[in-house]
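Below: the structure, in structure tokens.
The values are calculated or read from the model by the stated rules, or taken from the named source; none is laboratory data. The structure presented is a predicted model; accordingly, all values stated were derived computationally and were not measured. A quick note on method: Cβ atoms are made from the backbone with ideal geometry, for glycine too, and the neighbour counts reach across all protein chains shown. In case anyone asks, the SASA skips ligands and DNA or RNA and just uses the protein heavy atoms, side chains included. Shrake-Rupley method; radii C 1.70, N 1.55, O 1.52, S 1.80 Å.
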Amino acid sequence: MQARVKWVEGLTFLGESASGHQVLMDGNSGDKAPSPMEMVLMAAGGCSAVDVVSILQKGRNAVTDCEVRLTSERHEQAPRIFTRINLHFIVSGKGLSDKAVARAVELSAEKYCSVAIMLGKGVAITHSYECMEIA
């Protein structure tokens, strides 16, 4: 996998993936775009959400919505690395069982989400979830 990051102006940079997708990042506390650390946090949520939805769909569960709310703590001094991250899933669907959602979150956390598993080598990562029944 390859990517590039090019300086735009000030502390704003444009990242481009090998697949040609672009994303703006701002090192000035996220003034114009997400900061690189916000991008890392969102990447963990995105990676995990993809896993959870995919696992539930493969299990023939009728998923209608999935949201991941991420909270984190960071060191006060540089380097301001994450010390704790919680991924809280809110998964909605028709006939969706609590057990199926719990299993999908567990599989993502322990086996499939490359981003969260990689971050977990140095960060305390926790997962929680809510299962919402859609009538």
*When the label point is put 7 Å from the Cα of residue 5 along its Cα-to-beta-carbon vector, which residues of the stretch 64-90 have a backbone N closer than 16 Å?*
79-82
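Is it possible to state the helix-based mean residue ellipticity at 222 nm for the chain, with each DSSP H run of 4+ residues giving -39500 (n - 2.57), the sum divided by total residues, to the nearest 500 deg cm²/dmol? What is it? Intermediate results must be reported in sequence, preceding the final value.
Values: 3 runs with 39 residues, N = 135.
-9000 deg cm²/dmol, from helical runs alone.
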_Estimated distance in nm for a label pair at residue 37 and residue 18, the labels positioned 7 Å out from Cα along Cα-to-Cβ_ = 2.9 nm
*Round to the nearest 10 and give me the degree value, 0 to 90, for the angle of helix 36-58's Cα axis relative to the longest principal axis of the chain.*
20 degrees
_Summed residue charge, Cβ within 13 Å of residue 61's Cβ, Lys/Arg positive, Asp/Glu negative_ = +2
*Once the convex hull of the C-alpha atoms of the stretch 36-133 is built, how many Å³ does it hold per residue, rounded to a whole number?*
79 Å³
_Heavy-atom surface of the chain, accessible at 1.4 Å and reported per residue (Å²)_ = 65 Å²
*Selection of GluC sites (Glu not before Pro), the stretch 45-86, meeting DSSP coil and at most 14 other Cβ within 10 Å*: 76
_Span from the the stretch 70-115 Cα centroid across to the the stretch 1-41 one, whole angstrom_ = 23 Å
*Could you work out how far helix 98-107 tilts from the main Cα principal axis of the chain, as a 0 to 90 degree angle to the nearest 10?*
40 degrees
*Within the chain, what percent of beta bridges assigned by DSSP are antiparallel, to the nearest 5?*
70 percent
*How far, in nm, would the chain grow between residue 132 and residue 65 when pulled straight, counting 0.36 nm per residue and subtracting the alpha carbon separation?*
23.2 nm
*At q = 0.25, 0.26, 0.30 Å⁻¹, base-10 log of I(q)/I(0) for the stretch 29-82 (Debye sum, equal scatterers on each alpha carbon)*: -1.00, -1.04, -1.19
*Taking DSSP loops as anything outside H, G, I, E and B, show the longest stretch in the chain free of trypsin sites (Lys or Arg not before Pro) there with at most 12 other beta carbons within 10 Å.*
1-59
